[in-house]
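Scroll down for the structure; my scribbles are underneath it.
No value in this document is a laboratory result; all are computed from the given coordinates. Worth saying up front: this structure is predicted, and the values here are computed from it rather than measured. Quick reminder, even Gly has a Cβ in these numbers, built from the backbone with ideal geometry, and neighbours come from all protein chains shown.
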2 protein chains.
Amino acid sequence: MDKILRINMGADGGPKATEEPLGDYSGLGGRAMTSAIVSKEVPPLCHPLGEDNKLVIAPGLLSGTAAAMSGRLSIGCKSPLTGGIKEANAGGQPSQVLARLGYAAIVLEGKPRDDIFYKVFINKDGVTITPDNSLKKLGNYDLVDKMKAEFGEKIACMSIGPAGEMKMAGASIACTDMELRPTRHAGRGGVGAVMGAKGVKVIVLDDTGMKMRASKDPEKFRAANKEFVAGLRKHPVSGEGLPKYGTNVLTNVISEAGAYPTKNFMWGSFEMCNKISGETQAQTEIDRGGVATHGCHRGCVIRCSGIYMNKDGHYLTKQPEYETVWAHGGNCGIDDLDAIAQLDRLDDDYGLDTIEMGATIAVAMEAGIAEFGDAQAAINLVKEVGKGTPLGRILGNGAEVTGRVFGVERIPTVKGQAMPAYDPRGIQGIGVTYATSTMGADHTAGYAVATNILGVGGSVDPLKPEGQVELSRNLQIATAAIDSTGMCLFIAFPLLDQPETFQALIDMLNAFYGLSLTADDVTELGKKVLSFERDFNNRAGFTAQKDRLPEFFKKEKLPPHNITFQVKDEDLDQVFNW
Amino acid sequence: MDKILRINMGADGGPKATEEPLGDYSGLGGRAMTSAIVSKEVPPLCHPLGEDNKLVIAPGLLSGTAAAMSGRLSIGCKSPLTGGIKEANAGGQPSQVLARLGYAAIVLEGKPRDDIFYKVFINKDGVTITPDNSLKKLGNYDLVDKMKAEFGEKIACMSIGPAGEMKMAGASIACTDMELRPTRHAGRGGVGAVMGAKGVKVIVLDDTGMKMRASKDPEKFRAANKEFVAGLRKHPVSGEGLPKYGTNVLTNVISEAGAYPTKNFMWGSFEMCNKISGETQAQTEIDRGGVATHGCHRGCVIRCSGIYMNKDGHYLTKQPEYETVWAHGGNCGIDDLDAIAQLDRLDDDYGLDTIEMGATIAVAMEAGIAEFGDAQAAINLVKEVGKGTPLGRILGNGAEVTGRVFGVERIPTVKGQAMPAYDPRGIQGIGVTYATSTMGADHTAGYAVATNILGVGGSVDPLKPEGQVELSRNLQIATAAIDSTGMCLFIAFPLLDQPETFQALIDMLNAFYGLSLTADDVTELGKKVLSFERDFNNRAGFTAQKDRLPEFFKKEKLPPHNITFQVKDEDLDQVFNW
């Protein structure tokens, strides 16, 4: 992982790949790498779909090693959804494979001069870029099947569906999982549209002949990894709740807490939540011959995913995540798990962010385009997106555009990005993260739900403004660092509660790279990443006014707690004042 | 004109009208009034379609008097198109009538609690607000006919068509002309959507029984007005070019100057421009029994408008303005004057900004939705807007949304508002105004075309950056002041060249109000208005980065001069540094 692969899609005579040493970017991985490159190299006022934007794909610092949970991939660019910097993060296989192929980053640059889509194949022998318009309009599932037929079963793919080709701001980049299915998505912020604008349909990785990355101190590394894994297994969230029920274990929890955004953020509890809960979902999976505990990449020990079969016992989709079940479920008043799974499958196939799509359909429902609770209508709407009809184009560009086009006032977005599955009135800490994150509304940027609701990392009353700014700040810093390691964010649960597990992570990094980092260094790394990002956004014209929730969260009281968002503007402005 | 009429559309028990003295707003008119009220009373981060936005309608300081050219109306709010402050300015009869009824402003506030559209009738006896859903979906022409049948022929109307009802960001507010036709529009920035959000379909004014506003010094006022009119008649632009050919006299001029944006700003000259020029248009009007020289309101002595008949000699629309002919003509590669007139009629009837719509259709053409030059396709697209289909909803929300939804890179907007009929590369001075105006891209905010191309107010080379910032600054200040008087902006041509005509305007103000203003006071008024507006925009989160042209104007060279926009960012930042 000592080189950067740059592919200039706009080079004279066709796309051109060059390799270069890490240079200034030495020592960076994952989000630190993507945000450093984007912040340094992309003009903040460029058009996100133009030649000056860059799509940066980076495995984490520990990706490609034997470290457990190290399979997360960061994809960065200027976002077509937010107009600011973006890092979208995905599981699946590509991160490990890319790291083993020796690349610390792939940077897609320029803009193709023709209307051709390319496939990029990377293996131990180098990079091959081939025009292949036969791939046009393929969904991710068919596309990956074609790649398997061409390149064999030992590959990992990153690809876009029709949504990315149509440069929709809700378009994702699909990463294949262990079963070589396109189920793990760098979903947020329209990274798929940027890949589409670069004319790249798929990047196929094959690490045959490459070895696992070697540690500087294998002995210490092994010991630290062992301690780390023990810590993950010991913690109730990562060792028990997530493996058993997946992320969707949260449906009942958040609805009971009165912070489950229902019918476009009208209510805080969904009375039918039991029908779509993680418990129901896991049982359904098991009953139909699916799997309720499954990893999304090799080296995962939490195994919060699963495999969801249809009523006939055939594979339909991977286990939909909590946020997906919420977005297409309670947020649209839909309580039909099979319909939600079908929506998840459609999103994955078209290459769409499930959170953005669910939030968008709820806004469309508020506009009267469909009735809340009408699952078939929701499915039809997502199919419109896949077809690229005018209505589909609107929806595929996300909740903000949809609300604007239909004159809707209640649009739950920050910086143009739809809020995920936690109402900021019922969980005020996550509201601080939504408002201030460099990414737009993003639960993963500083998951205050952990401390507000789950009692992880201490306890802060979810309904009170006190302590939320500090909580969100610390989580945003920690997350930026974790996102740079290639580690799954779910390690944060044990890390927050178990100092020895946090130390084990630091020991792994030190053993692998021959460093002597301390916890303070990790904090500094997180601050550095956030500073890159804030700096980019400032230069793109973002101000404090962008760090605000939409006004209806301050005006409408959310039942059942009948509470508005209470954190003051001037306190929000202190989040990055460390 | 000593009172403000506030109508709270969200009052308990239905809309409620109250009158109040001018208070803090004493001495203000037109744009100074609308911008003062919006800046002081509207929360900058409110949703433009929400209850906290206000729609302010204000005649100018000299409206309702015997002063020539004093019939302009200012309509202000937070713009759904730009997210910043907006003043849209219209001719027609309402300004004079409203002023004679004694109102310095109407302020529509709050939000109706039901799905009802109201008509507001104002005469000497007061204000009547009536729910009338029979008006729903009526085009402006049918609507005004209905109002005539109900209230007689001595009225003036301000109304919205279906576009405003659908809260489209391209929606205008129609003002009736001397023939009681809805042809004069407060077009820009989506003011019609805000009126729609307030649930007001039409405001009908009847000044029967009211007198012309009385001057403090009638003698001096009469003399000054006489001098003023003589000045207008003497100047070649206001006395000759505009009366004879209307604003469309510019088509040949701007195309010859190489600054006529053709096919979505791809070229600077339109080879078919002669087919749609003012000369051709005037002759066509005369040949068909229309009128080529006509005023839009009583008291107009420039008379730059006209009446356009169809091939059968029946009224089709008022004489389309230069910017309309450009927007629907050369900018879409269309050279059919009848088709352009039909588009003008449709825009007026649906209640749409012709500039925004033409720019939007060109962006849609660039996206491949229709072919450049296909007039019938353009007509069909505008009809989609009227019908409110998903495609129509996209288009009706303007060029920026349309470009975004269809993934277009070349979107000629600033602050979300489409550029008018002058390419900022061929006329660099207008580029400074587009970039820095508080209004978004707006030629009327500081019409540097006058000095860059027409040789009015001196001479500044249109192709060089030197002198453009100062020129734009001075014109923006002067315009903000003129827009506050109720005067038609076309008085600026003689004012810039003839000091005695400028003095006559000041003399009129002084005689009417018993003041002793100097030219410096007028400048101070202009600066004050701009300061209100900049302050609002700053509080809405606008920064220097919003005062920029889209990057393609800096990267693509415009033929035939093969020039990019040359004014530096740091110089743009000096426009408001006076």
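Of note:
- Local net charge near A:ASP569, Cβ-Cβ under 13 Å (Lys/Arg +1, Asp/Glu -1): 0
- Taking all Cα-Cα distances within the range B:291-386, those exceeding 19 Å account for 40%.
- Spatially proximal aspartates and glutamates relative to B:LYS387 (Cα-Cα < 18 Å; intrachain offsets below 8 disregarded): B:ASP142, B:GLU165, B:ASP344, B:ASP347, B:ASP348, B:ASP349, B:ASP353, B:GLU356
- Applying both filters, DSSP loop and at most 15 other Cβ atoms within 10 Å, to the GluC sites (Glu not before Pro) of the range A:132-191 gives A:GLU153, A:GLU179.
- Across chain A, the relative contact order, built from alpha-carbon pairs under 8 Å that are at least six residues apart, equals 16 percent.
- Sequence of A:HIS297, B:HIS443, B:HIS328 once ranked by neighbouring C-beta atoms within 10 Å, starting from the fewest: B:HIS443, A:HIS297, B:HIS328
- Averaging 1/r over each pair of different alpha-carbon atoms in the range A:86-153 and inverting the result gives 14.1 Å, the Kirkwood hydrodynamic radius.
- In order along the range A:181-191, phi translates into HN-Hα couplings of 10, x, 10, 10, 10, 7, x, 8, x, x, 4 Hz, rounded to whole numbers, per the Karplus curve 6.51 cos²θ - 1.76 cosθ + 1.60 with θ = phi - 60° and x for Gly and Pro.
- Going from the residue with the fewest nearby Cβ atoms within 10 Å to the one with the most, B:THR360, B:THR501, A:THR451 rank B:THR501, A:THR451, B:THR360.
- Taking 20 Å as the limit for the C-alpha separation, the pairs A:LYS263/A:LYS554; B:LYS54/B:LYS201; A:LYS568/B:LYS546; B:LYS86/B:LYS557; A:LYS86/A:LYS546 exceed it in the case of A:LYS568/B:LYS546; B:LYS86/B:LYS557.
- Cβ-vector label at 7 Å, A:TYR513, separations to other copies in nm: 6.7
- Loop GluC sites (Glu not before Pro), the range A:338-373 (other Cβ atoms within 10 Å of the site Cβ: 15 or fewer; DSSP): A:GLU371
- For the protein assembly as shown, DSSP calls about 80 percent of its internal beta bridges antiparallel.
- Distance cut-off 43 Å, percentage of C-alpha pairs in the protein assembly as shown lying past it: 40 percent
- Taking amide H as placed 1.01 Å from N in the peptide plane, the amide H of B:LYS318 sits under 5 Å from that of B:TYR308, each at least 5 places away or on another chain.
- Cα extents of the range B:115-256 along the three principal axes, largest first (Å): 52, 47, 24
- Chain B residue with Cβ closest to the axis mapping B onto A, distance in whole Å: B:PRO390, 2
- Entries in B:LYS234/B:LYS464; A:LYS78/A:LYS198; A:LYS119/A:LYS146 that, when Cα-Cα distance is taken, lie over 21 Å: B:LYS234/B:LYS464
- Intensity falloff of the range A:3-206 expressed as log10 I(q)/I(0), Debye formula with alpha-carbon point scatterers, at q = 0.11, 0.15, 0.16, 0.18 Å⁻¹: -0.41, -0.82, -0.95, -1.25
- For the range A:248-422, fraction of C-alpha pairs farther apart than 31 Å, in %: 12 percent
- Shape summary of the range A:238-284, radius of gyration then Dmax from alpha carbon positions: 11.0, 34 Å.
- Inter-copy separations for A:GLU227, label at 7 Å along Cα-Cβ, nm, ascending: 9.1
- Scalar couplings 3J(HN,Hα) for the range A:50-56, obtained by applying the Karplus form with A = 6.51, B = -1.76, C = 1.60 to θ = phi - 60°, are x, 5, 7, 6, 10, 9, 10 Hz; x denotes Gly and Pro.
- Considering all different alpha carbon pairs of chain A, the Kirkwood hydrodynamic radius works out to 23.1 Å.
- Per-residue Cβ neighbour rank within 10 angstrom, fewest leading, A:TYR260, A:TYR350: A:TYR260, A:TYR350
- When only alpha carbons of the range B:1-47 are considered, Rg and Dmax amount to 12.3, 34 Å.
- Selection of GluC sites (Glu not before Pro), the range B:229-290, meeting DSSP coil and at most 12 other Cβ within 10 Å: B:GLU271
- Taking the label point 7 Å along Cα→Cβ, A:ALA17 and its counterparts in the other copies are spaced 7.3 nm apart, in ascending order.
- With both residues required to sit in chain B, DSSP beta bridges show an antiparallel share near 80%.
- Magnitude of the charge dipole for chain B, about its Cα centre and with charges confined to Cβ atoms of Lys, Arg (+1) and Asp, Glu (-1), is about 840 debye.
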